[in-house]
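The values are calculated or read from the model by the stated rules, or taken from the named source; none is laboratory data. Just so you know, these numbers come straight off a predicted model, no measurement behind them. Counting neighbours? That spans all protein chains shown, and the Cβs are built from the backbone with ideal geometry, glycine included. Surface accessibility is based on the protein's heavy atoms, side chains included, excluding ligands, DNA and RNA. Shrake-Rupley method; radii C 1.70, N 1.55, O 1.52, S 1.80 Å.
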Amino acid sequence: MYNFIYEKVNTIKEVEKLLSENEETKILAGGQTLIPTMKQRLASPSTLIDISGIDELNFINDNGNSVTIGSTVTHHEVSSSDIVMNKIPSLASLAEGIGDPHVRNMGTIGGSIANNDPTADYPTACLSLNAKIKTNNREINAEDFFIGLFETALEENEIVVSIEFNIPKKSSYMKFPNPASRYAMAGVYVSVFDDAVNVAVTGASENGVFKWTEMEEALSSNLSLENAKNIKLSSDGVMSDIHADSAYRANLVDIMALRAVENLI
Amino acid sequence: MPTVNINVNGQDLSAEVEERQLLVHFLRDDMDLTGTHVGCDTSQCGACVVHLEGKAVKSCTMLAVQANGKNITTIEGIADGDNLHPVQEAFRDHHGLQCGFCTPGMIMAAIDIINRKPNLDEKIVREELEGNLCRCTGYQNIVKSILAAANK
């Protein structure tokens, strides 16, 4: 990997200052994607800002109707949090299904959503649970946050501070993991709220995570396996690679949706 | 070059490291702690697993500077003098290794699993070993060793 300047900071203010003074900076939280990417020279930032020591980013709060998770909370901390396990158990089990135990001890929720890998798990939770993503200068609805492949609404000088998830009546996340990486080859997060059923899909679209509106409409009228079975994801725009072609992947999405719905009825 | 202060296996160390130096290379090349292995160098195999503040992490996927001010335990730091750690002992008793290359990572991962999971069974152990590869495919006895150590 190419060398860089390493800056360890203790406050969000310091991050803002470094971001405004330097070009080609990257934020380092757990580094479980960034460091392998740098080792392969697919990224070569000139400055790394290590935010893992910022106390104000490391918390999990129960707000009654929602749960807020700070951006440097690790996947292991999410999966073993009493608050998350009690309020949104599907989110705890999503976190426990990421990578492997060693990755989960380092990787963070903020890093995952800021990276917006088209096969990452957390973006589905954000869309399905109507999350609000708080940055150092504004609040962004999840639907406006995830823009495309590895692309988010984050500006140059912006970092994720926390993610607020609404607590659903019930929810389920089902994924078909790639056997080697455990990234989703298809992942479907179904959440039931009083006024709507939300369905978010990862691992499939060439544009990254998306809300599957046809399935949402079908399940909002009646949450049943029959209704879910009637909806099929078109393979247009679905990723195709050595692991699975578009048709196979689209079918995996259908199956994961059925499994998630099965969990909820 | 930045200076890091790291406690490795109970010893406080101070060293100058290049920013881009990985923790595994700091341990192996600078500290001569060659028990921690580099298997794949692409975050897949877990041969480089060490404990950071008591938790299993991949030392090939972490910078040495990230460990500044932290406690690191490597395979060299778990035995008590001549007395093997119970997990090491279980690997010896149950022939939990073949060529031995993955063993340090397996043992460091196993200690972390046993610390986190009170009621281990074979299925859980196999799931928890997701991040550790044995190219001899000696998983049978590795799983047996971990279960034996957990029940000690």
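With the structure loaded, tell me whether A:LEU19 is modelled with pLDDT of 95 or more and open to solvent by less than 10 Å² (accessible area, probe 1.4 Å) or whether it fails that test.
Working: modelled with pLDDT of 95 or more: yes; open to solvent by less than 10 Å² (accessible area, probe 1.4 Å): no.
Judged against the criteria, A:LEU19 is not a match.
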Might you let me know whether region A:76-89 holds any residue that is within 12 Å of another protein chain (Cβ to nearest Cβ), free of Cβ contacts under 8 Å to residues at least 24 places away in the same chain and either open to solvent by less than 60 Å² (accessible area, probe 1.4 Å) or under 23 Å from the mean Cα position of the chain (by Cα) (or both)?
yes
For B:GLN66, the lone unmet condition from (1) assigned to a helix (DSSP H, G or I); (2) more than 9 Å from chain A (Cβ to nearest Cβ) is (2)
Qualifying residues in region A:22-39 (those that are more than 12 Å from chain B (Cβ to nearest Cβ) and free of Cβ contacts under 8 Å to residues at least 40 places away in the same chain) - the one least open to solvent (accessible area, probe 1.4 Å)
A:THR25
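Yes or no: B:VAL50 in contact (Cβ under 8 Å) with a residue 24 or more places away in the chain, touching an Asp or Glu at 6+ places or on another chain (Cβ under 9 Å) and not in a loop (DSSP other than H, G, I, E, B)? Outline the logic, then answer.
Working: in contact (Cβ under 8 Å) with a residue 24 or more places away in the chain: yes; touching an Asp or Glu at 6+ places or on another chain (Cβ under 9 Å): no; not in a loop (DSSP other than H, G, I, E, B): yes.
For B:VAL50, the condition - in contact (Cβ under 8 Å) with a residue 24 or more places away in the chain, touching an Asp or Glu at 6+ places or on another chain (Cβ under 9 Å) and not in a loop (DSSP other than H, G, I, E, B) - is not met.
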